[in-house]
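What follows is a set of notes on a single structure, which appears directly below.
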Amino acid sequence: MSEQMTNSFSVEITETSKSCAVGEKVAARNLHESCTPVISCEGACIRGEIARLAANMVAKEPSFARSCHGELIAVPDSTMAKWVKESSSVVLIDGCFLRCHGRILENLLPKGCLEEFDALSFYKKYTDVFDADAVPEEERIAAARRVADAVLERFAGCSDGAPSPRRNENHDEPCCVPEEKCCGQ
């Protein structure tokens with residue numbers, strides 16, 4: 001993939017002492033059960049909406065669960081953040097080629113843990129549309145299903161449907177995924 005190189009930049013986040021009670025409970029369960037976190041773009045456009053819908057579909061499958069990217073980033077000492085950071089594999093469905101979440105998460109997670117998918121590359125439509133409601137709900141769901149199926153297909157050869165755990169500290173062992181990369185990369 002040829003990607004324009006740019007300088008990195010920082011975003012300052014105001015600290016909080018608050019926590020999300022239900023997020024703590026769900027993340028603790030998912031951590032205990034070794035579920036693979038599923039994170040998505042939540043962009044305002046149709047591409048973000050399709051990525052979000054696809055992530056929700058993937059997370060309904062055994063051994064996957066939805067993770068809160070906001071809590072991961074803005075509440076770094078939460079159980080949600082711990083679950084994602086300690087997972088051997090994290091599924092990310094970005095809405096498009098900008099890789100907004102991918103560019104953030106690749107710097108938060110150990111190398112090799114992030115399984116990225118560019119949702120747009122699977123359905124290749126709506127590039128001239130911004131408003132999610134401009135695309136009929138039935139079409140949004142069909143596009144999301146196509147993305148979700150592609151994500152799940154990538155993990156189909158694994159014994160439990162999810163990437164095999166990597167327990168070494170460097171996370172440099174290969175995941176249980178086919179050799180080809182997602183998104184045509």
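The values are calculated or read from the model by the stated rules, or taken from the named source; none is laboratory data. Just so you know, these numbers come straight off a predicted model, no measurement behind them. Cβ sites come from the backbone with ideal geometry, for glycine too, and all protein chains shown count toward neighbours. Side chains are part of the model used for accessible areas, which takes the heavy atoms of the whole protein and leaves out ligands, DNA and RNA. Shrake-Rupley method; radii C 1.70, N 1.55, O 1.52, S 1.80 Å.
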Return the total of residues in the range 75-94 being open to solvent by less than 10 Å² (accessible area, probe 1.4 Å) and charged (D, E, K, R). 1
Considering the range 27-62 alone, what residues qualify as being in contact with a Ser or Thr (Cβ under 9 Å, 6 or more places away or on another chain) and open to solvent by 30 Å² or more (accessible area, probe 1.4 Å)? A28, L31, E33, S34, R47, R52, L53, N56
What's the number of the only condition in (1) surrounded by 22 or more Cβ atoms within 10 Å (Cβ to Cβ); (2) aromatic (F, W, Y); (3) at pLDDT below 95 that F97 fails to meet? (1)
In this structure, does D131 turn out to be in contact (Cβ under 8 Å) with a residue 24 or more places away in the chain, touching a strand residue (DSSP E or B) at 6+ places or on another chain (Cβ under 6 Å) and among the acidic types (D, E)? no
Taking only the range 105-140 into account, find how many residues are in a helix (DSSP H, G or I), surrounded by fewer than 16 Cβ atoms within 10 Å (Cβ to Cβ) and of a type outside the set (D, E). 1
Name, by its number, the condition in (1) touching a Gly at 6+ places or on another chain (Cβ under 7 Å); (2) within 20 Å of R146 (Cα to Cα) that does not hold for V58. (1)
Hey, could you check the range 144-164 for residues that are modelled with pLDDT of 95 or more and open to solvent by less than 10 Å² (accessible area, probe 1.4 Å) and say which is farthest from R47 (Cα to Cα)? V151
Collect the residues in the range 1-34 that are of a type in the set (K, R) and part of a helix (DSSP H, G or I), keeping them in residue-number order. K25, R29
